[in-house]
Structure formats: C-alpha cells, structure tokens
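J.: This is the structure, below, for whatever I ask next.
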Amino acid sequence: MPELKSTRDAYGQTLVRLGRSDPNIVVLDADLSKSTMTRYFAQAFPDHFFDMGLAEQNMMSVAAGMAASGKTPFVSTFAVFAMGRAFDQVRVSIAQPGLNVKIVATHGGISVGEDGASHHAVEDLALACALPGFTVVVPTDAPETEQVIELASRTPGPFYIRLYRPATPVVCGPDYKFTLGKAALMREGPDATIIAYGIMVAAALDAAESLEKQGLRCRVLNMSTLQPFDADVVTRAARETGAIVTAEEHYRHGGLASLVAQTLAEQSPAPQGVVALDGYAESGKADELLAKYGLTARNIERAVLETVGRKQQGLYCSA
C-alpha cells in the first residue's frame, strides 16, 4: 500500500518554511485555518496572518491590495468558496491587473465527502482556467505540493492551486521534480496514454498496472499544471500511442478533458475517453463517492479498453 499524506498539511508546513526566509509573505484565511492548515503559519507568524472571517470576496480584495503594495499574499479557503463565491473579485481585482496573489484552495472535488454538494468544488478549475494570466496547478501528492508552493512563492503573477481534504497516496518519488507548465511522465507505454492530475494520478497508475497484466501497456502523465497547458506532450502522446484517456475529479466540461480535446482537435486527432463527473454528487464518505461516480482505477481501465477498441477500429467518437 502506498504511503498516505495530506496535501493541505504539506501546504501549511511549507508556508512556515517560506515565512522564515521571506518577510513579504502574508497569509489570509476565511475562518478556516484549522481546515486549510494555514494555522501553522498563524502560530509561527501571527503578525503576518490575517483571519478575514466569512467574507471571501473581501479577502480577495484585501489580498489584491497587499500584492499591489509589494507583499506576497497566500489566500486560502475551501475551493468552492475561493472560486465560486469570490469569482468576481478574483477576476476584477486579481486577474485583470495580474497581481501577485497565490490562491491555495483546499477541499477540492467530491472527496470533501460528507459536506455534500454545496461544498463539492467540481467547477473551480474551469473558472480558474478561464482567467487569462492565471497559473492553475493541482498537485498530485504532498511532496509535489511542497514544490508547487515553493515555486509559486517566487514566481510573479496570480496562481490558483487546488488541494484536497483527505490524505492521498504519495506517488512522486524522492527524485521527482515539478516543472511548471510541463506534464510529468509517471509510466511509459506504447498502447494508450492516461492523463490525470491530483488524486486521479494514483488511480491512473493502478489502472495501468492492471492493464499491463492484460497485455496493454499504458503511458501515464501527471498533468498537474492545467494553465499554462502542456499541449506538446498531449500531441506527442496522441501520435505515439493513438489513444488518450483523461481522468479528473472535476466536471467533465471546462477541465482537463476539455483542454485535451481542444488540443487533439487542433493538432493531432485521436480517440479520447473521459473519466470525470457528469453532474453534482451527494453527501457520503470520500471513497464511496469516488466509487459511485466512477472516479476509480477500474473506471479508468474500462475507459482505456473502450478507447483502444475505437483506435483499432479507426473510430474517433464513441457510438
């Protein structure tokens, strides 16, 4: 069994390390620091931490003002509030002037679980990717999260970084290096390509292992950066493997599936399978919801088999 670690814990601990070396870093939260784990920073640097209360729109505007004054604000709340509730302020106050605000949202996707549909962020990445100039990243595990937060702190411009509630499998080894705007090759294979991000990378690797026992070798790509998007790696995968499957904990429109489909249509047409949400989920335990709504290794495996079947028949669209 792979080791499980929390991406939000990794975030909170990384903030403390950054705070020791960079006095310009400030952290804002919306009364959720015990959940987002910015409480670590609040305890270490109380004069650089600002609890804005349940006022996410105001929090984004304040962060914009701090960034305009030379600070590097890290702004945290749940993903459903960061993009859903405060989108207008993010768009007008942060994206349009291109300010150096780092929005790090936890509790993404349906793995929030028992909080229910009102708290399941399944459209947040579509909203974030629609903002020109925003860098959008979904780390797959705790080690990658540390690298992403450190890089964001020294990279000018606005970021949206999505993290998760539950502890997730560690899939990035000790030699792994995150490169902004580039997909990471997690497994090589000539027969099909699985592209995933976040917690779905572990599921993609499990699916690839199962498929190899059936004689099908799959390439697995960790597309942790959604914007800027690595279109070159998708084009190359389409040409070299001829079948693409995307897997994401997000609504099927506006996220990874849409980005890959646009790339394939423009540069290298190939059959594509999609593992994603078709609508809103309900309240329940995270693992039960992921299984009920088809976000598992088994669902990825089925999608690969179906997509490879279409490749062999010369079909680009499913029936």
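The values are calculated or read from the model by the stated rules, or taken from the named source; none is laboratory data. Computed from a prediction, not measured in an experiment: that's the story for all the values here. Cβ atoms come from the backbone with ideal geometry, glycine included; neighbour counts cover every protein chain shown. All accessible areas refer to the heavy atoms of the entire protein, side chains included, with ligands and DNA or RNA removed. Shrake-Rupley method; radii C 1.70, N 1.55, O 1.52, S 1.80 Å.
J.: In Å³ and rounded to a whole number, note down the convex hull volume per residue for the Cα atoms of the stretch 121-161. Walk me through the intermediate numbers first.
T.: Working: hull volume 2.5 nm³, N = 41.
Once divided by residue count, the hull of the stretch 121-161 is 60 Å³.
J.: Go through 314, 296, 271 and say which Cα lies farthest out towards the positive end of the charge dipole of the stretch 243-319; charges sit on Cβ, +1 for Lys and Arg, -1 for Asp and Glu.
T.: 314
J.: Normalise the Debye intensity by I(0) for the stretch 217-319, one equal point scatterer per Cα, no solvent, then take log10 at q = 0.10, 0.19 Å⁻¹ and round to two decimals.
T.: Reported log10 I(q)/I(0), two decimals: -0.28, -0.96.
J.: Non-local amide H neighbours of residue 45 (under 5 Å, H modeled in plane, Pro and chain starts lacking H): which ones?
T.: Here the answer is none, since no amide H 5 or more places off falls under 5 Å of that of residue 45.
J.: Under 11 Å from the Cβ of residue 284, count the other residues' Cβ atoms, weight Lys and Arg +1, Asp and Glu -1, and hand me the total.
T.: -3
J.: On to the next question. Between residue 298 and residue 68, what is the FRET efficiency for a Förster distance of 45 Å, r being their Cβ-Cβ separation, to the nearest 0.05? It would help to have the intermediate numbers written out before the result.
T.: Working: r = 49 Å, r/R0 = 1.09.
Computed FRET efficiency for residue 298 and residue 68 comes out at 0.40.
J.: Still on this structure, I have one more. Across the Cα atoms of the stretch 180-254, what radius of gyration and what greatest pairwise Cα-Cα distance (Dmax) are found, in Å?
T.: 11.7, 35
J.: Hey, another quick one. Quick one: work out the % antiparallel among DSSP beta bridges in the chain, nearest 5.
T.: 20 percent
J.: Where does helix 142-154 land angle-wise versus the long Cα axis of the chain, in degrees 0 to 90, nearest 10?
T.: The angle comes out at about 50 degrees.
J.: At a Förster radius of 35 Å, what calculated FRET efficiency corresponds to the Cβ-Cβ distance of residue 285 and residue 54, to the nearest 0.05?
T.: FRET efficiency, residue 285 to residue 54: 0.85.
J.: Which order do the peptides 259-268, 101-110 come out in when sorted by mean C-beta neighbours inside 10 angstrom, highest first?
T.: Highest-to-lowest ranking by the protection proxy: 101-110, 259-268.
J.: May I have the pair-distance distribution P(r) for the chain, computed from all Cα-Cα distances with 20 Å bins from 0 and rounded to whole percent?
T.: With a bin width of 20 Å, the distribution comes to 35, 56, 9, 0.
J.: Okay, moving on. Compute the angle between helix 256-267 and the longest alpha-carbon principal axis of the chain, please, reported from 0 to 90 degrees and rounded to the nearest 10.
T.: Approximately 60 degrees, to the nearest ten.
J.: What's the extension gain from residue 22 to residue 5 if we count 0.36 nm per residue and subtract their Cα-Cα distance?
T.: 3.5 nm is the gain from fully extending residue 22 to residue 5.
J.: Now for a different question. Could you give the accessible area per residue of the chain, probe 1.4 Å, as a whole number in Å²?
T.: Per residue, the chain has an accessible area of 40 Å².
J.: Would you mind working out the magnitude of the charge dipole of the stretch 21-107 relative to its Cα centre, with +1 at each Lys and Arg C-beta and -1 at each Asp and Glu C-beta, to the nearest 20 Debye?
T.: It works out to roughly 160 debye.
J.: Taking only C-alpha pairs under 8 Å that are 6+ residues apart, what is the relative contact order of the chain in percent?
T.: Taking the mean separation of contacting Cα pairs over the length of the chain, I get 17 percent.
J.: Can I ask one more? If I histogram all Cα-Cα distances within the stretch 96-252 using bins 10 Å wide from 0, what percent of pairs lands in each bin?
T.: Binned Cα distances yield the sequence 11, 39, 36, 13, 1, 0.
J.: Mind giving me the FRET efficiency for residue 47 and residue 167? R0 is 22 Å, r the Cβ-Cβ distance, nearest 0.05 is fine.
T.: It comes to 0.10.
J.: Tell me, in nm to one decimal, what length is gained between residue 177 and residue 154 on full extension, where the rule is 0.36 nm per residue of separation less the Cα-Cα distance?
T.: So the extension gain works out to 6.7 nm.
J.: Right, something else. Carbon and sulfur atoms: what percent of the 1.4 Å accessible area of the stretch 1-118 do they account for? All intermediate terms of the calculation are to be shown ahead of the outcome.
T.: Values: 2350 of 4750 Å².
The C+S portion of the solvent-accessible surface of the stretch 1-118 is 49 percent.
J.: In addition: Note the per residue figure in Å³ for the convex hull of the C-alpha positions in the stretch 1-113.
T.: Measuring per residue, one finds 112 Å³ for the Cα hull of the stretch 1-113.
J.: Which angle between 0 and 90 degrees, to the nearest 10, do you get for helix 7-21 versus the longest principal axis of the chain when only C-alpha atoms count?
T.: Taking the Cα atoms of the chain, the angle to 7-21 is about 50 degrees.
J.: Of all the accessible heavy-atom surface of the stretch 209-316, with the other protein chains kept in place and a 1.4 Å probe, what percent is carbon and sulfur?
T.: So the carbon and sulfur contribution to the accessible surface is 47 percent.
J.: Further, regarding this structure: Multiplying the sequence separation of residue 114 and residue 253 by 0.36 nm and subtracting their Cα-Cα distance, what value in nm do you get?
T.: Working: separation 139, 0.36 × 139 = 50.04 nm, distance 2.40 nm.
Length gained, residue 114 through residue 253: 47.6 nm.
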